[in-house]
Amino acid sequence: MTGNVAAVDDRAIGMFDSGFGGLTVARALIDLLPDEDLVYFGDTGRYPYGPRPLDEVRDFASQITRLLVDDHDVKMVVVACNTASAAALDALRFDTDVPVLGVIDPGVRAAVKATTNGRVGVVGTVGTIASGAYQRAVRATRAPVVLTCASCPGLVELVERGETVTDGAYVLAERLLAPLRTAAVDTLLLGCTHYPFLARTIGEVMGRDVLLVSSAEETAFEIRAILDDTGLGRRSGAGGSKGRHHFVSTGDVGWFRELGARLLGPELDEVEAWVWP
């Protein structure tokens, strides 16, 4: 249906993460596709996903996806969480009737394309790195690169507390990123959607010659491509205004609104509380 201007779908795009990290993807999506409605589900009552068993994360992802599809009637689900993408993406695609997109493959493609010395690093949560999802995704590109992975426990919690440019953040990042500096990577993929909020600190530790790659913008471009290819895009200005943005949190909504607004911007002003039955 590419090029079929009559094919439109005004339903919202659904997106979820364990907390605030996926707001980097939401920000990129809002900037790239301002006419699209968005429902963002932050599972802050059960964050972080990184240390949890992958089977448990898979169950959480399935539960949230069903909620987005059944209760919010979304036309697409974006798994804006690397741990959930690693744990559940294949199962979600099999079980869900709408397109389901993760954040791993778009980021990998961008990092592989960007490197000049063939040495690529990826940082992520313990669960994401242990899953092997990034290692498999890089091998699938068949690119002649050497991949160095490092799990970074504690970085997600720094973001969730709003401590992204503190001395403590720098000291922790310096210790966790040491293997990547030793490996002389010239490209570092931020394999957790929380980590772009730490880009300043990570960039200072890695040095100006290392390119940081975030999957957020690449994921937004892929969303646009899927909407174009399937005819699911929203008509420009449908309903007489730009896209509406609905935020849901399973944790403290006041905290989500305050920190989320600082991280995302003015679009995050109202938050719906959700309690699992």
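What to note about this one:
- Selection count, region 189-224, where residues are farther than 27 Å from D43 by Cα and aliphatic (A, V, I, L, M): 4
- Filter result for the condition that a residue is outside the structural domain of V123 (by TED's automatic domain parsing) and either assigned to a loop (DSSP other than H, G, I, E, B) or touching a residue at least 12 places away in the same chain (Cβ under 8 Å) (or both), over D59, D70, D90, D35: D35
- Yes/no for V159 being outside the structural domain of P48 (by TED's automatic domain parsing), touching a helix residue (DSSP H, G or I) at 6+ places or on another chain (Cβ under 9 Å) and part of a loop (DSSP other than H, G, I, E, B): no
- The residues of region 109-128 that are more than 13 Å from the chain's Cα centre (by Cα) and in a helix (DSSP H, G or I), listed by number, are R109, A110, A111, V112, K113, A114, V126, G127.
- The helices (runs of 4 or more DSSP H) falling completely within region 185-277 that include 3 or more residues that are on the phi < 0 side of the Ramachandran plot, within 21 Å of the chain's Cα centre (by Cα) and among the charged types (D, E, K, R) map to 215-230, 253-264.
This table checks each residue for (1) more than 26 Å from T201 (Cβ to Cβ); (2) at pLDDT below 95; (3) not acidic (D, E).
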residue	(1), (2), (3)
E56	yes, no, no
V69	yes, no, yes
T83	no, yes, yes
A86	no, yes, yes
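- Filter result for the condition that a residue is touching a residue at least 40 places away in the same chain (Cβ under 8 Å) and surrounded by fewer than 22 Cβ atoms within 10 Å (Cβ to Cβ), over D186, D209: D186
The values are calculated or read from the model by the stated rules, or taken from the named source; none is laboratory data. All values derive from a computational prediction rather than experimental measurement. Every residue, glycine as well, gets a Cβ built from its backbone with ideal geometry; the counts of neighbours run over all protein chains shown.
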